[in-house]
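In what follows, a single structure is set out as structure tokens and then discussed.
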Amino acid sequence: AKGRGYTATELLGGDPSRAAPFDGGMSATLYLSPRDYHRVHMPCDGTLKSMTYVPGKLFSVNQATAEGVPGLFARNERVVATFDTPWGELSMVLVGAMVVASIETVWAGVVAPLRRQVMATQYGDQPAITLKKGDEMGRFKLGSTVVLVSDNPHWMWDAEQELGEKVHMGSVLALLEQF
């Protein structure tokens, strides 16, 4: 992300089995500056499989800091929400940042465990939490970053979206390659 490498295992909280489905998949990084809209919406329909809180630092996530801090998104505090979608598994990684007061999800509210350790919650045995494309899934109190990680290697990023360009609610991010 932003020219810096780290593994899916590092990004998703340190559990190789959690990261294994994403080997060979695709990812995209979406930066929300302090002046942007701070709500995160579903890019497609999905049923929540798990949510993992990963404690960490709170470095700024602006371009300059992201370029200067190795593995920044895998080092900052984050919430990893993994969904089953019609096109495979998708993790939405909500990355905390300096001055970001909190990370919230629509199903759990503010995610702020008292014990700062990796905490995973599985959602398979509970009534399904299903969100539709465009539904709000979470929010930040100020700008931050969302890293989308898909297990499907057939996503093609929309050629009309250029690196660094603003993304608006309803914008096409990617298409599924015909094979």
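Compare ARG35, ARG78, ARG18 by solvent-accessible area with a 1.4 Å probe and give them largest first, with all protein chains kept in place. List each step's numbers first, then the result.
Details: ARG35 195, ARG78 5, ARG18 45 Å².
So, going from the largest accessible area down, we get ARG35, ARG18, ARG78.
In summary, the lysines within cross-link reach of LYS57, defined as a Cα separation below 20 angstrom excluding same-chain residues under 8 places away, comprise LYS2, LYS141.
Dipole orientation for segment 5-140: of the candidates VAL69, PRO86, LEU48, VAL69 has the Cα lying most toward the positive pole (charges on Cβ; Lys, Arg +1; Asp, Glu -1). Of TRP107, TRP155, TRP87, the residue with the greatest mean-square motion in the GNM of the chain, using alpha carbon springs below 10 Å, is TRP107. When both bridge partners sit in segment 32-136, DSSP labels roughly 95% of those beta bridges antiparallel. Cα centroids of segment 1-73 and segment 108-179: 9 Å apart.
Let a ≥ b ≥ c be the square roots of the eigenvalues of the Cα gyration tensor of segment 119-179; is it rounded (a/c under 1.5), or, if not, prolate (a/b larger than b/c) or oblate? Since a/c reaches 1.5 but b/c is at least a/b, the shape of segment 119-179 is classed as oblate. Here the accessible area of the chain is 55 percent carbon and sulfur, with a 1.4 angstrom probe and all protein chains present.
Taking every DSSP helix (H) stretch of at least 4 residues in the chain, weighting each as -39,500 (n - 2.57) and dividing the sum by the residue count yields a mean residue ellipticity at 222 nm of -1500 deg cm²/dmol.
Using a 10 angstrom Cβ neighbour count of at most 10 plus a DSSP loop assignment to flag exposed GluC sites (Glu not before Pro), which longest range of the chain is free of such sites? Write out the running numbers ahead of the final one.
Details: sites that count: GLU160, GLU162, GLU165, GLU177.
The segment 1-159 is the longest one with no such site.
Where a ≥ b ≥ c are the square roots of the eigenvalues of the C-alpha gyration tensor, would you call segment 1-119 rounded, which needs a/c under 1.5, or, failing that, prolate if a/b is larger than b/c, or oblate? Since a/c stays below 1.5, the shape of segment 1-119 is classed as rounded.
Checking the a/c ratio against 1.5 first, then a/b against b/c, what shape does the Cα gyration tensor give for segment 49-179? Display every interim value, and only then the final one.
Numbers: a/c = 1.77, a/b = 1.10, b/c = 1.60.
It comes out oblate by the Cα gyration axes.
Only four residue types carry charge here, +1 at the Cβ of Lys and Arg and -1 at the Cβ of Asp and Glu. Report the dipole size of segment 83-179 about the Cα centre in Debye, rounded to the nearest 20. Kindly include the intermediate steps, with their values, before the conclusion.
Working: 7 positive and 12 negative charges, 119 e Å.
Approximately 580 debye in magnitude.
The values are calculated or read from the model by the stated rules, or taken from the named source; none is laboratory data. Quick caveat: nothing in here was measured; it's all calculated off a predicted structure. Neighbour counts are summed over all protein chains in view; Cβ atoms, including those assigned to glycine, are modelled from backbone coordinates with ideal geometry. SASA here: full protein model, heavy atoms, side chains in, ligands and nucleic acids out. Shrake-Rupley method; radii C 1.70, N 1.55, O 1.52, S 1.80 Å.
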